[in-house]
Amino acid sequence: MQKFMRTADTAVSDYLHGLARAHPDLIRYDPERGIVVRAEAGAPKVAIVSGGGSGCEPLHTGFVGQGMLDAACPGSVFSSPVPRQIVAATQTVDQGHGVLYVVTNYGGEIMNFGLAGEILGREGHEIEKVVVDDDVALDGDLRHLRRGMGATVLVEKLAGAAAESGAPLDEVAAVARRTVQRSRTFAVALGPCVHPSTGSPAFELPAGQMEVGVGLGGDRGLSREPLPPADAVAEALVERAVAELSISDGARVIVLLSGLGGTPELELVGLFGHVHTALERRGAAVERSLVGNYVTSLESPGAQLTVLHTDDELTRYWDAPVRTRALRWGAPA
Amino acid sequence: MMTLTLPQLRAWLSAFARDVLDDHDRLNALDAATGDGEHGSNLARGAAAIQDALAEDRDEDIATLLRSVGMAIVNSVGGASGALYGTLFLRLSDHGSGRDAWSTNDLHAAFGDALRAMCELGRVREGDRTLIDALAPAVAQLSTHRDAPVAESCEAAALAAAAGAQRTAQLKPRAGRGAYASGRAGGHVDAGAASMSLLFAALSRATCA
């Protein structure tokens, strides 16, 4: 696999320098402290901080800006940020109204945000944490390991909008938790990604096969099945994603179909049409949708479907203005 | 020798860092069997940070040395392994205040405390197919040999850590990324347990010297 990079060690910092130069109106990158923050803090409000392993772009760094994150802490590829970054981000963006951490449910993220929170709690910062664990692939005695996947984008958007509206920390955290509770994700891959440090594929997948129930970062799935036509793939994704949601006639949903980084628009948007059909067949009303590469796994071909069972409040926060690299709509402030 | 001295601790940390840097490709390959193949690369960043911390050479006691190493790891490695290895050294450092040598019994108490703190932070226990599966049997040997000479105690711990790491090949992962494909894993030594056995092998060599 050929990659545009100088060395594996500089790939992430090169991305961050490039990101800041591409969007000087939106963000600042602080290379000393390893954090990305909003270019302008805006009116005082609850601050939202997230972070995770790099390689899942645009996740978190591409969602820094008005209406979403105040700061993102990028780790090295597929590895969580370290406490020093999270501490620096919190100290930079806390405007005295408290800070919400959006933490994906991986051991590294849980432990490092936990260590940072312990350090900062002693300094008087008011911090709430919401853990995102929308991945339905893991169940039974592995249920506690459910990964944070596509719902992370929804949580960052909706909590970001709630914070922007002036809601206090406990309300912003409640919006985030409700979003997690009402969202589920299921993912499939048609091939592995290649970690820049190792240069080799995360797994081998024979032609004609689909890896089912994958996570991010080259994590293998639950099983391997023959790749069916796209309408059957959509049916399987919808089946798994909505199984735990109360989707009956007229249920309102917000749908995120994210590519894993290596699936062309032609295929992804085509797949979305079948997802839409499969959801409507179950009586769901697709109220809003987002299709594209939003939570990825480097160049992995594949897709993850996230379904949020929405309501008036969540849809209103979804429609609120947002101005980031990866999501932009509504009137600019 | 009935004590582990500050220079021996420095030799241990230096050897561990060198071994991790030498072995990081193998650790990546072990991790790739169930995870994303990054354990070696991540820990190599920690090894470089350990070398930088050792180069500063301003430690007055065991606590200062181990705390600087722990903070270096916590803030360079990332992931679960960074938090867990960092916690290990930070907990060890709690037992070194004002000390320039440890008895075998001190060593056992310090590692026992670190083991408990790591299990609590990571919500893992022995048998989950993690680095704990090399650490726990090593701590058990430190306990058994707590009245023995340091070199003998550390050699027993190193053998137990290596055997514990080997046994992870037969375990079903119940924590961390390895668990995601747990129905399909097997036959490979856990990468974290492998790096933990390097830590005790280096300790054994440093105490024999």
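From the list A:Ala71, A:Ala20, the one residue that fits, being of a type in the set (A, V, I, L, M, F, W, C) and either crowded, with 24+ Cβ neighbours inside 10 Å or farther than 30 Å from A:Gly199 by Cα (or both), is A:Ala71.
If I ask for residues that are surrounded by 24 or more Cβ atoms within 10 Å (Cβ to Cβ) and outside any helix (DSSP H, G or I), which ones from region A:148-167 would you list? Selection gives A:Gly148, A:Met149, A:Gly150.
The combined condition, being modelled with pLDDT under 95, farther than 30 Å from A:Leu205 by Cβ and more than 9 Å from every other protein chain (Cβ to nearest Cβ), is not fulfilled by B:Ala48. In region A:96-109, the residues that are open to solvent by 20 Å² or more (accessible area, probe 1.4 Å) reach residues that are acidic (Asp, Glu) with C-beta atoms within less than 6 angstrom, at least six apart or across chains, in these pairs: A:Asn105/A:Asp133. Checked against (1) of a type in the set (A, V, I, L, M); (2) in contact (Cβ under 8 Å) with a residue 24 or more places away in the chain; (3) over 20 Å from A:Glu109 (Cβ atoms); (4) surrounded by 20 or more Cβ atoms within 10 Å (Cβ to Cβ), B:Ala110 passes all but a single condition, namely (2).
For region A:23-53: of the residues being among the acidic types (Asp, Glu) and touching a helix residue (DSSP H, G or I) at 6+ places or on another chain (Cβ under 9 Å), which is most open to solvent (accessible area, probe 1.4 Å)? Explain how you work it out, then say what you get.
Within region A:23-53, the first condition is being among the acidic types (Asp, Glu), and the residues that meet it are A:25, A:30, A:32, A:40.
Restricting the remaining residues to those that are touching a helix residue (DSSP H, G or I) at 6+ places or on another chain (Cβ under 9 Å) gives A:30, A:32.
Numbers: A:Asp30: 43, A:Glu32: 153 Å².
If we take residues in region A:23-53 being among the acidic types (Asp, Glu) and touching a helix residue (DSSP H, G or I) at 6+ places or on another chain (Cβ under 9 Å), then A:Glu32 is most open to solvent (accessible area, probe 1.4 Å).
Would you say B:Asp61 is open to solvent by 40 Å² or more (accessible area, probe 1.4 Å) and out of contact with any strand residue (DSSP E or B) (no Cβ under 9 Å at 6 or more places or on another chain)? In short, no. Counting only strands (runs of 3 or more DSSP E) that fall entirely inside region A:174-253 and contain at least 1 residues that are farther than 26 Å from B:Ser41 by Cβ, of a type in the set (Lys, Arg) and open to solvent by 10 Å² or more (accessible area, probe 1.4 Å), the qualifying elements are A:183-189, A:223-226.
Is it the case that A:Leu59 is open to solvent by 10 Å² or more (accessible area, probe 1.4 Å) and on the phi < 0 side of the Ramachandran plot? Against the criterion (open to solvent by 10 Å² or more (accessible area, probe 1.4 Å) and on the phi < 0 side of the Ramachandran plot), A:Leu59 qualifies. Is it the case, given these coordinates, that B:Val69 is within 25 Å of A:Gln85 (Cα to Cα), open to solvent by less than 30 Å² (accessible area, probe 1.4 Å), free of Cβ contacts under 8 Å to residues at least 60 places away in the same chain and part of a loop (DSSP other than H, G, I, E, B)? Answer is no for this residue. Per this entry, B:Arg123 is counted among residues that are open to solvent by 60 Å² or more (accessible area, probe 1.4 Å), closer than 25 Å to B:Gly37 by Cα and of a type outside the set (A, V, I, L, M, F, W, C). B:Leu90 fulfils the conditions (1) more than 16 Å from B:Leu199 (Cβ to Cβ); (2) open to solvent by 40 Å² or more (accessible area, probe 1.4 Å) except for a single criterion, (1). Test B:Gly78 against the criterion of being open to solvent by less than 10 Å² (accessible area, probe 1.4 Å), within 14 Å of another protein chain (Cβ to nearest Cβ) and more than 25 Å from B:Ala151 (Cβ to Cβ), and give yes or no. The answer is yes for B:Gly78.
Pick from A:Val132, A:Val172, A:Val136, A:Val155: which is touching a Phe, Trp or Tyr at 6+ places or on another chain (Cβ under 8 Å), in contact (Cβ under 8 Å) with a residue 40 or more places away in the chain and either outside the structural domain of A:Gln304 (by TED's automatic domain parsing) or not β-branched (Val, Ile, Thr) (or both)?
Working: A:Val132 fails: touching a Phe, Trp or Tyr at 6+ places or on another chain (Cβ under 8 Å); A:Val172 fails: touching a Phe, Trp or Tyr at 6+ places or on another chain (Cβ under 8 Å); A:Val155 fails: touching a Phe, Trp or Tyr at 6+ places or on another chain (Cβ under 8 Å).
From the options A:Val132, A:Val172, A:Val136, A:Val155, the qualifying one is A:Val136.
Comparison of A:Ala72, A:Ala47 shows that the only residue that is free of Cβ contacts under 8 Å to residues at least 60 places away in the same chain, in contact with a strand residue (DSSP E or B) (Cβ under 6 Å, 6 or more places away or on another chain) and closer than 25 Å to A:Glu164 by Cα is A:Ala72.
The values are calculated or read from the model by the stated rules, or taken from the named source; none is laboratory data. Not measured: the values here are computed from a predicted model. For neighbour counting, all protein chains shown are included, and Cβ atoms are generated from backbone atoms with ideal geometry for every residue, glycine included. Side chains included, ligands, DNA and RNA excluded: accessible areas come from the protein's heavy atoms. Shrake-Rupley method; radii C 1.70, N 1.55, O 1.52, S 1.80 Å.
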